[in-house]
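The values are calculated or read from the model by the stated rules, or taken from the named source; none is laboratory data. Computed from a prediction, not measured in an experiment: that's the story for all the values here. All Cβ positions, even for glycine, are placed from backbone atoms using ideal geometry, and neighbour counts span all protein chains on display. Accessible surface is based on the protein model in full, side chains and every heavy atom, while ligands, DNA and RNA are left aside. Shrake-Rupley method; radii C 1.70, N 1.55, O 1.52, S 1.80 Å.
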Amino acid sequence: MIHNNISILNNGHLAFSNVDTVEMANKYGTPLYLVDENKIKENCREYKAALEKYFGKESLPLYASKALCYRNIYRILNEEGLCIDVVSGGELYTALSVGFPAERIYFHGNNKTLNEICYGLDNRIGGFIVDNFDELVRINAEAGKRNINQNILLRLSPGIDPHTHRAVVTGNVDSKFGVAIETGQALEFVKAAIECENLTLEGIHCHIGSQIFDKYPFTDAAKNMLDFALEIKNKLGFDVKKINLGGGIGVKYTNNDPDVTIDEIFCEIKKELDSMVSERGLESLVFLFEMGRYISANAGMTLYTVGSVKEITGYKKYVCIDGGMCDNPRYALYQSKYTVYNASNANSERTMVASVAGRCCESGDLIGEDMQLQEFKREDIMAVAVTGAYNYAMSSNYNRLPKPAMVAVENGADKLVVKRETYEDIVKNEL
Ligand code: LLP
């Protein structure tokens, strides 16, 4: 099994976090998101422990909300003592709505609207990660109007190509995110931030990309950021207090992916930094990270009902399901690979080669192409594993499909955490 929260029951059904997935499909209907809240907690603890081990008690583990955002996850993250990053007023609202402490929230995004800036300031959030000069001016002015001082970090691009899918690279020099170190503009950005009288510059931030298994992009980015911190110290006499190195550690989706742990990656970054930090007199730095996928991906599974199995003689076979790109657009967008199980008959052999097709009117609406699958027939429950990150978060109503429900499983019990959308929900804002 691809992760240890997936198993097979005596009745041949697939279990997720010890819960019978076929029973879940019957009880709540399909498509259905399952979220293993025990796993979320386990991942948070692993993250926190590794961070503390290598970067000390002062370091801050942030969760990148964009991977999976629903109200109950913020209750869990709060209990587990994590900080969060949000990238929109919507994510901020969701976190605040369940009492997530504002001082542990960092506001990201490359084009925060004026409303969002005001919303963050009015709620006294812990920090803004400022993306550009225009935004800096704006946040400073709005903080001034409110007579408050706001902590900020600056988003920089360290010029790293992490060799992941092009769409999820963010730290390259010509990226739309942040200000480039290489061009000299980042130093100007720091200078401008120091001069803002209503802002306190705490440090610098970078995020190089997502689904990265290799240590080098992380260690290279860390080196570049540290070198830049030293440049700031030497040229501007300013001590950077915090360095946020973003998220991006890869997660195993199929048996072809490596199994990389957060401990291993943090250990490598720490090794790289150790010599540099003392050599450069930057000992008192506080490190922040913001993992998304690593916390939520393997805590998710999606269940579908197979509607038909279609063979185009001499060409191709399709297993057609009652969901697809609306609840999981990742194959359509990035050709992301998944592991698929026949949840109704989980012991069967993988003797069928077929593509898994969604129900949208789009040829690209697939969960995978020509996959080695277990045999499927109409009415079987299909389980797609590792869907906890960037699935519900990226879902849409294309073709007017209502969004699936989400059920949390914890200690063998199930509870609804997101209701299934209705047709009324779909038209509710239309006049
Ligand atoms: N911090 C920043 C500034 C980010 O932009 C991201 C992700 C993260 C942290 C968290 O990265 P993670 O640890 O989850 O890799 N939709 C794509 C992924 C886009 C990632 C966007 N930024 C996907 O489905 O693969």
- Along the three principal axes, how long is the chain when you take its alpha carbons, biggest first, rounded to the nearest angstrom? 70, 53, 42
- Message: Out of the trypsin sites (Lys or Arg not before Pro) in the range 39-96, which ones are loop residues according to DSSP with at most 13 other C-beta atoms within 10 Å?
- Response: Lys57
- What's the longest piece of the chain with no exposed chymotrypsin sites (Phe, Trp or Tyr not before Pro), counting a site as exposed if DSSP puts it in a loop and it has at most 15 other beta carbons within 10 Å? 1-237
- Message: Taking the 0 to 90 degree range and rounding to the nearest ten, how far is the long axis of helix 185-195 tilted relative to the main principal axis of the chain, both from C-alpha atoms?
- Response: 60 degrees
- Query: Tell me, what % of the accessible area of the chain is carbon and sulfur with a 1.4 angstrom probe?
  - Reply: 47 percent
- Task: Place +1 on the Cβ of every Lys and Arg and -1 on the Cβ of every Asp and Glu in the chain, take the dipole about the Cα centre, and give the residue among His207, Gly144, Gly364 whose Cα lies farthest towards its positive end.
- Result: Gly364
- Note on the structure: Dipole check, the range 108-291, charges on Cβ (K,R +1; D,E -1), about Cα centroid: among Ile117, Cys267, Gly237 the Cα furthest to the positive pole belongs to Ile117
- Regression test value, accessible area per residue of the chain, probe 1.4 Å, units Å², expected 42 Å²
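Taking every DSSP beta bridge that has both residues in the range 108-291, what percent is antiparallel when rounded to the nearest 5?
Numbers: 1 of 19 bridges.
Antiparallel: roughly 5 percent of the beta bridges in the range 108-291.
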- Nearest 10 degrees, 0 to 90: helix 262-280 Cα axis against the chain principal axis: 10 degrees
- Sticking with the crude label model, points 7 Å out along Cα→Cβ, report the distance from Ser275 to Glu375 in nm, one decimal please. 6.0 nm
- Item | Sequence-distant aspartates and glutamates (8 or more away, or on other chains) whose Cα lies within less than 14 Å of Lys48 | Glu58, Glu79, Glu80, Asp263, Glu264, Glu290
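Quick check on the range 108-291: what are the equivalent-ellipsoid semi-axes from the Cα gyration tensor, as sqrt(5λ), descending, whole Å? Provide the component values of the computation, followed by the final result.
Values: eigenvalues 160, 78, 41 Å².
Rounded to whole Å, the semi-axes are 28, 20, 14.
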- Task: Compute the FRET efficiency between Tyr93 and Thr313 as 1/(1 + (r/R0)^6), taking r as their Cβ-Cβ distance and R0 = 51 Å, and round to the nearest 0.05.
- Result: 0.45
- Let me see the pair-distance distribution of the range 99-203: every alpha carbon pair, 10 Å bin width, integer percents in order. 15, 45, 29, 10, 1
- Task: Find which of Val340, Gly247, Asn397 sits farthest along the positive direction of the dipole of the chain, computed with +1 on the beta-carbon of Lys and Arg, -1 on that of Asp and Glu, about the Cα centre.
- Result: Asn397
- Looking at the P(r) of the range 193-326, how many percent of alpha-carbon pairs lie beyond 20 Å? 60 percent
- Task: Would you mind computing, in nm to one decimal, how far apart the modelled labels at Asn147 and Glu349 are, each placed 7 Å from Cα along Cα→Cβ?
- Result: 7.8 nm
- What length, rounded to one decimal in nm, is gained on full extension from Glu231 through to Gln335, with 0.36 nm per residue of separation minus their alpha-carbon distance? 33.4 nm
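Please compute the net charge surrounding Gly159, taking Lys and Arg as +1 and Asp and Glu as -1 over other residues with Cβ under 12 Å from its Cβ.
On the way: positive: Lys223; negative: Asp161, Asp174, Glu182, Asp220, Asp227.
Value of the local net charge: -4.
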